[in-house]
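Peer 1: Take this structure first; my questions come after.
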Ligand code: NIG
Ligand code: FE
């Protein structure tokens with residue numbers, strides 16, 4: 001274990017992390033693409049000083065940025081790897097119930113969309129989420145945030161999308177807002193009423209999109225309940241024309257744009273994302289060349305979700321081609337949700353990035369730090385270890401990124417530091 005001591009007993013203002021065997025971080029506050037995706041700064045025998053939650057100085061080669069006795073707290077990283085706190089760029093972390101009952105159906109051959117079309121899947125979670133109270137959802141989601149942070153995540157995106165009507169969607173967004181105030185995790189909220197077509201709206205999808213545009217989005221905007229908007233553009237859910245109309249209205253109201261695209265069928269979601277200059281397009285399992293070219297042109301970040309591919313038994317997004325041939329900036333996230341990915345472990349996502357996407361450890365670090373940070377509009381604040389950025393770090397039980405990407409199934413986060421304080 002990394003060891004630490006206090007020089008003062010009151011609140012920690014200055015924190016020194018010393019004896020960092022390897023400090024590794026991307027550099028710069030922009031989305032890293034192409035060759036840049038694999039460029040990390042590596043410092044050996046390093047130390048970091050933070051003051052009031054902000055990075056003040058970084059040193060290497062055994063030098064210290066200050067005297068130990070001048071700091072409120074000193075942590076000895078004992079030669080281990082230190083990276084920026086991980087940024088989780090895509091979750092559906094707020095929901096009622098679970099869906100373990102779907103597994104036997106899956107094992108008998110039912111596909112994700114088969115279960116959805118038969119009224120299960122997201123429909124089922126909507127029912128359970130509507131039944132859950134504010135307090136129940138708060139407690140459950142707080143538990144997930146604790147678990148995520150213990151695994152090295154210090155900033156996370158969270159989508160609504162299991163309420164579907166205004167009252168229930170607002171309930172979810174208000175829980176997230178309160179958790180953002182109460183919990184050390186920085187939470188960025190995404191409004192996603194267009195996550196499923198409920199029975200009442202089957203065949204009347206355009207009416208539902210009108211409702212989102214005319215009633216729901218303005219309310220969420222006026223009450224400052226979410227920064228981003230998202231839509232499930234998919235066969236049997238919302239088509240490209242409906243998605244375009246929804247996203248354009250959201251853009252006009254000042255929301256950042258996200259889109260679940262090309263998860264199961266390539267119906268043109270990623271192409272649309274690029275055309276609309278969406279901040280990110282998510283999933284992209286079955287993306288084609290046209291989609292990748294459009295995203296590269298529109299500056300859209302690929303928020304890839306390999307644990308969902310794993311859990312759906314699907315193929316894996318063509319990430320090497322995104323990086324090498326198209327220069328699309330690649331982020332990786334968990335997609336934590338009760339259906340297609342009931343895991344919030346971003347370390348496992350990193351393992352899959354290594355083995356299934358064939359990314360390098362450097363590209364992987366970029367994909368779970370600065371690129372998702374840019375994907376949730378936090379690139380100026382988090383996602384790298386640089387002077388002036390928020391002091392969010394992880395000390396790993398590993399000497400380097402290679403080890404972190406190679407070992408799986410254990411939690412290798414030894415210490416998580418959020419805004420200059422141990423959590
Ligand atoms: O990203 N695809 C849509 N939404 C989630 C799944 C949600 C669920 O199955 O509950 C996803 O995979
Ligand atoms: Fe998702």
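Since every read-out is calculated from the coordinates, none of them should be taken as a lab result. The structure presented is a predicted model; accordingly, all values stated were derived computationally and were not measured. Note that we place each Cβ from the backbone using ideal geometry, even for glycine, and neighbour counts take in every protein chain shown.
Peer 1: Using just the helices of the chain, give the 222 nm mean residue ellipticity in deg cm²/dmol: DSSP H runs with n ≥ 4 each add -39,500 (n - 2.57), and the total is spread over all residues, rounded to 500.
Peer 2: Working: 15 runs with 136 residues, N = 423.
Calculated at 222 nm, the ellipticity per residue is -9000 deg cm²/dmol.
Peer 1: For a label point 7 Å from the Cα of residue 178 along Cα→C-beta, name the residues of the stretch 135-161 whose backbone N is under 14 Å from it.
Peer 2: Residues 135-143 qualify, since their backbone N sits under 14 Å from the label point.
Peer 1: Report Rg(Cα)/(2.2 N^0.38 Å) for the stretch 234-343, keeping two decimals. Walk me through the numbers on the way to the answer.
Peer 2: Values: Rg = 13.1 Å, N = 110, 2.2 N^0.38 = 13.1 Å.
Relative to the 2.2 N^0.38 Å estimate, the stretch 234-343 comes out at 1.00.
Peer 1: For a bin width of 5 Å, list the pair-distance distribution of the stretch 289-363 built from all Cα-Cα distances, rounded to whole %.
Peer 2: 3, 17, 27, 23, 17, 10, 2
Peer 1: Moving on to the next point. Counting just the Cα atoms, what span does the stretch 193-264 cover along each of its three principal axes? Round to the nearest Å and put the largest first.
Peer 2: So the three principal-axis extents are 31, 25, 17 Å.
Peer 1: Hey, can you rank 361-367, 108-114, 169-175 by average C-beta count inside 10 Å, highest first?
Peer 2: Values: 361-367: 26.0, 108-114: 13.6, 169-175: 22.9.
Most protected by this proxy first, the peptides run 361-367, 169-175, 108-114.
Peer 1: Now, a different point. Please compute one quarter of the surface area of the Cα convex hull for the stretch 8-48 and express it in square nanometres.
Peer 2: Numbers: hull surface 17.0 nm².
Computed as one quarter of the Cα hull surface, the answer is 4.2 nm².
Peer 1: Rg/Rh for the stretch 326-420 to two decimals, with Rh computed the Kirkwood way over all alpha-carbon pairs. Walk me through the numbers on the way to the answer.
Peer 2: Numbers: Rg = 13.6 Å, Rh = 14.2 Å.
Taking Rg over the Kirkwood Rh, I get 0.96.
Peer 1: Could you give the distance between the Cα centres of the stretch 343-393 and the stretch 18-83, to the whole Å?
Peer 2: 15
Peer 1: Once fully extended, how much extra length lies between residue 7 and residue 67, figured as 0.36 nm per residue of separation less the alpha-carbon to alpha-carbon distance?
Peer 2: Details: separation 60, 0.36 × 60 = 21.60 nm, distance 1.15 nm.
That pair, residue 7 and residue 67, stretches by 20.4 nm at full extension.
Peer 1: Please work out the ratio of the alpha-carbon Rg of the stretch 123-228 to 2.2 N^0.38 Å and round it to two decimals. Before the final figure, lay out the partial values.
Peer 2: Details: Rg = 14.3 Å, N = 106, 2.2 N^0.38 = 12.9 Å.
With N residues counted in the stretch 123-228, Rg over 2.2 N^0.38 Å equals 1.11.
Peer 1: Can you pull the Kirkwood radius for the stretch 52-185, inverse mean 1/r over Cα pairs, to one decimal in Å? Don't skip to the end; give the middle numbers.
Peer 2: Working: mean 1/r = 0.0549 Å⁻¹.
When all Cα pairs of the stretch 52-185 are included, the Kirkwood radius is 18.2 Å.
Peer 1: Quick check: Cα centre of the stretch 207-277 to Cα centre of the stretch 317-335, how many Å?
Peer 2: Cα centres, the stretch 207-277 to the stretch 317-335: 22 Å.
Peer 1: Dividing the convex hull volume of the Cα atoms of the chain by its residue count, what figure in Å³ per residue is obtained?
Peer 2: On the way: hull volume 52.6 nm³, N = 423.
Per-residue hull volume (Cα only) is 124 Å³.
Peer 1: Given the stretch 1-77, report the % of alpha carbon pairs whose separation exceeds 19 Å.
Peer 2: Working: 1225 of 2926 pairs.
I get 42 percent for the Cα pairs in the stretch 1-77 exceeding 19 Å.
Peer 1: Arrange the peptides 233-240, 302-309 so that the one whose residues have, on average, the most other Cβ atoms within 10 Å appears first.
Peer 2: Details: 233-240: 20.5, 302-309: 28.9.
Order by mean packing, descending: 302-309, 233-240.
Peer 1: When you count, for each residue, the other Cβ atoms within 10 Å and take the mean per peptide, how do 191-204, 333-346 rank with the highest first?
Peer 2: Most protected by this proxy first, the peptides run 333-346, 191-204.
Peer 1: Given points 7 Å out from each Cα along the Cα-Cβ axis, report the residue 241 to residue 78 separation in nanometres with one decimal.
Peer 2: Between residue 241 and residue 78, the simple spin-label model gives 6.3 nm.
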